[in-house]
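Only one structure is covered here, and it is reproduced in the block below.
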Amino acid sequence: MNVFAALGVLALLIVIHEAGHFFAATLQGIRVSGFSIGFGPALIKRQRRGVTYALRLLPLGGFVAFPDDEEDSSIASDDPDLLKNRPIPQRALVIAAGVLANLLLAFVVLFGQAAVVGLPADPDPGVLVVGIQPGGAADRAGLSAGDLILSVDQTALKAGQAGVQEIVQLVKAAPEQTLEISRERDGQSNVIQLTPDDVTGQGRIGAQLQTNLNGATRPVNGPGELIGHTSTQFIRLLQQTISGYSGLITDFQTTAGQVSGPVKIVEMGAQLSEQGGSGLVLFMALISVNLAVLNSLPLPLLDGGQMLLLVLEALRGRPVPERFQLAFAQSGFLLLLGLTVVLIVRDTTQLSAVQQLINR
């Protein structure tokens, strides 16, 4: 059931993203011919008011279709309601609306959770390990997700975000130096040796850390605290996501191993959904922000790539040649398809159940 819950969240995020494009177009009177979830052959297809709604075979995204792209369209090419004949600002809004819809959804679900459930109570001392990069220093030292780090070199870590910042600074300052880590697992404590890797002069252990929340909550003290807490959460999540994608450019060797494909994302969603509604809300906000940032990248077939073509058109004073647009789209399709296949194969072989079968 947890897997189905994660798949349901992913489907909802795709619908929200494409609905952003759809409503940004229709509310401006721009003609739309199709609204599809997934790619490939249509499993279910319905037509209403000139728009074909479809659920397709490959659930790896979705798209909104416009008559501009249809060779057999009966609409005159000079129709003022075609997307290509609208002013650049209107087309830019249609392109950006999917990203904006995902960002808005993330903010709304974080706001709703804080309003209904309350805010997290003060965290307990220590730092929680929530993710481990295979082959990294933390993995070699024996750390795993769920471990609680209590102290480093016999210095107890503070509670809250201060403790996370403290251990990050200690690790950065100790490349190739052995640190004594007090670790708690399943209620039992022991000491392990951790030697951060040297990455451009700074220590890295390949672990995702967070504050040690005890699960308790408290009521919100008024609308000001509610809005402030939600905004802080949202901005931190957005900054971390942007930083992660930036790392693919500035430090590809270290960051590439942390990129997840569809299989790994569903597995993460299933794990978070085991924590109940709060875990599923966190998964929804996290993936929604990631989807927004990913689609903002200036790559073919992504919203950022379409926006790049629109910027070039504005600078040139005329549309980019169709031959260039076609080559741009085809290269993007091959790139995204190849990357998706690689990530699916890699993530599938890393699933615990599959790994056990392989090792037998």
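Does any residue of the range 60-72 turn out to be β-branched (Val, Ile, Thr) and over 30 Å from the mean Cα position of the chain (by Cα)?
No: the range 60-72 contains no residue that is β-branched (Val, Ile, Thr) and over 30 Å from the mean Cα position of the chain (by Cα).
Is there a residue being in a helix (DSSP H, G or I), at pLDDT below 90 and of a type outside the set (S, T, N, Q) anywhere in the range 15-29?
yes
Check whether at least one residue in the range 126-143 is out of contact with any strand residue (DSSP E or B) (no Cβ under 9 Å at 6 or more places or on another chain), outside any helix (DSSP H, G or I), at negative phi and touching a residue at least 24 places away in the same chain (Cβ under 8 Å), and report yes or no.
Yes, the range 126-143 has at least one match.
Taking the range 212-241 on its own, how many of its residues are within 30 Å of Arg185 (Cβ to Cβ) and of a type in the set (Gly, Ala, Ser)?
2
Tell me, which residue of the range 147-171 that is of a type in the set (D, E, K, R) and under 15 Å from Gln208 (Cα atoms) is surrounded by the most Cβ atoms within 10 Å (Cβ to Cβ)?
Restricting to residues being of a type in the set (D, E, K, R) and under 15 Å from Gln208 (Cα atoms), the top hit is Asp147.
Quick test of your reading of the structure: His21 fulfils all but one of (1) farther than 14 Å from Ile95 by Cβ; (2) in contact with a helix residue (DSSP H, G or I) (Cβ under 8 Å, 6 or more places away or on another chain). Name the failing condition by number.
Just one mismatch for His21, condition (1).
For the range 194-248, which positions are closer than 21 Å to Ser144 by Cα and in a strand (DSSP E or B)?
Within the range 194-248, Leu194, Asp197, Asp198, Gly203, Arg204, Ala207, Gln208, Leu209, Gln210, Thr211, Asn212 qualify.
For Leu103, indicate whether it is in contact (Cβ under 8 Å) with a residue 12 or more places away in the chain and either hydroxyl-bearing (Ser, Thr, Tyr) or within 18 Å of Glu322 (Cβ to Cβ) (or both).
no
Against the condition at pLDDT 75 or above, crowded, with 19+ Cβ neighbours inside 10 Å and either more than 30 Å from Arg86 (Cβ to Cβ) or of a type in the set (Asp, Glu) (or both), how does Leu237 come out, does it pass?
In short, yes.
Filter the range 172-191 for residues that are among the aliphatic types (A, V, I, L, M), in a strand (DSSP E or B) and surrounded by 15 or more Cβ atoms within 10 Å (Cβ to Cβ) and give the result.
Leu179, Ile181
The values are calculated or read from the model by the stated rules, or taken from the named source; none is laboratory data. Please read all numbers here as calculations on a predicted model, not as lab measurements. With ideal geometry, Cβ positions are generated from the backbone for all residues, glycine too; neighbour counts draw on all protein chains shown.
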